[in-house]
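None of the figures in this text is laboratory data; all of them are computed from the coordinates on show. None of these values were measured; they are calculated from a predicted model. Positions of Cβ are generated from backbone atoms using ideal geometry, with glycine treated the same way; all protein chains shown enter the neighbour counts.
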Ligand SMILES: Nc1ncnc2c1ncn2[C@@H]1O[C@H](COP(=O)(O)OP(=O)(O)OP(=O)(O)O)[C@@H](O)[C@H]1O
């Protein structure tokens, strides 16, 4: 008699720290079943109680920046959760964290992210591999604003990259004449960044990078010309080229053009850029446009 024994797939436990809206948005509940088939056990970590009691974990994936943002806004409960997470990481250095808070925190600020990206662009083996739009940082949206050495159109963003809803509210500025209108969109003493608008014919390539693997998506974006101030939420950009979902400021190319564009995406330089950024930023999962 022949006995065939099938070796069970080794199960690794991944602890996930995401707020309920992110779990919904990323459909992590549904991903649980798929993960199981891949030998992964997804566990949603509850930061309201001891993380040790919820062990074991082989890896923890988190979006602590959301909790950090609320903590900075004075939420005491979120502060406790944040501290619980940091203490846990210190006490259990053998558990891999995606990504360590030390490395993630640099990305909370658009200025430090910008500086790292500029540094990466200047030190790449292949020079001119990527271009970081020229940017000027100001402590508020009116100081020296007319004198800044930047060409228009430009885009004005908050220096804080995440943590609050406002971090994602941005404004397109067609020319210097419109700078006065920014007061309606930003608090007077809010640090901002003015960045030159890079014409991209209304089409963006979103690149997501996870542990060496590249995923690209084509998304609608702003047309090259706009004649008034445009305030928008970067989290609510349309995901498809459907004419009904894009505004008149957005491109509305037809399906055949999109598939042509997708085919034209050259993955090799993108992979090089992602590798360089990963070395520079020290994070495993990130995205860029
Ligand atoms: N310098 C620029 N030139 C042209 N378009 C830009 C520029 N900066 C941003 N955009 C447009 O605004 C969108 C959002 O900007 P950006 O990607 O910088 O925000 P983010 O901080 O990465 O996003 P989020 O707020 O969602 O985290 C881009 O996807 C692009 O459509």
Taking only the C-alpha atoms, wrap a convex hull around region 90-173 and report its volume per residue in Å³ as a whole number.
-> 148
Based solely on its DSSP helices, what 222 nm [θ] is calculated for the chain when runs of n ≥ 4 H residues each add -39,500 (n - 2.57) and the sum is averaged over all residues, nearest 500 deg cm²/dmol?
-> -8500 deg cm²/dmol
If each part is reduced to its alpha-carbon centroid, region 195-246 and region 139-192 end up apart, in Å, by 19
Would you work out the relative contact order for the chain, in percent, from Cα pairs under 8 angstrom that are 6 or more residues apart?
-> 15
Rh (Kirkwood, all Cα-Cα pairs) for region 12-98, Å, reads 13.5
If packing is taken as the mean number of other Cβ atoms within 10 Å per residue, what is the order of 150-159, 274-283, 176-185, highest first?
-> 150-159, 274-283, 176-185
As computed over region 139-228, the Cα convex hull volume per residue (Å³) = 128
Nearest 10 degrees, 0 to 90: what angle lies between the long axis of helix 255-264 and the longest principal axis of the chain (Cα atoms)?
-> 70
Can you pull the one-decimal nm distance between simple spin-label points at residue 87 and residue 73, each 7 Å off the Cα toward Cβ?
-> 2.5
Tail fraction, Cα-Cα pairs, the chain, threshold 33 Å, whole percent | 33
